Amino acid sequence: MSEPTRSVLPAPTAQQQRILDRIALQRERLRARGAARAQAQALAESQRAASGGAEDSLALRAAGFAREHPLAVAAIAGVAVVAGPRRLIRWAGVLLPMLLRLRR
């Protein structure tokens, strides 16, 4: 509080002062928790940048690949359209188990 406001307000009672102290302590804990969270996020971002995105989910890596190689994605989409849904499902049944084993 500013000095003019303090002089207008009466002095808090002992019980009110304990409550004000608890409030101040809680605010300090919240500030410390926010600072720790920000530090943890910054550390995670720096580690993710250092690893080159190897820990990103498959969807994020696929989106990154599509952004970096749009012609390859267009070619794959064209092959998928020409192959048709039955062949895609059949090949997915063959390739997905192989890919899942490779991920382990």
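FYI, it's all coordinate maths here, none of it is from the lab. Keep in mind the model is a prediction, meaning the values are calculated, not measured. Positions of Cβ are backbone-derived with ideal geometry, glycine not excepted, and every protein chain shown enters the neighbour counts.
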Distance (nanometres) between label positions extended 7 Å along Cα→Cβ at I76 and L60:
1.8
If you take P(r) over Cα pairs in 5 Å bins from 0, in percent from the coordinates, which of (1) 2, 15, 21, 16, 13, 10, 8, 6, 4, 3, 2, 1, 0, 0; (2) 2, 12, 21, 23, 18, 12, 7, 3, 1, 0; (3) 2, 9, 8, 11, 12, 8, 6, 6, 6, 5, 5, 6, 5, 4, 4, 3, 1 do you get?
(3)
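Run lengths n ≥ 4 of DSSP H only: what is the helix-derived mean residue ellipticity at 222 nm for the chain, with -39500 (n - 2.57) per run over all residues, to the nearest 500?
On the way: 5 runs with 88 residues, N = 104.
One gets -28500 deg cm²/dmol as the mean residue ellipticity at 222 nm.
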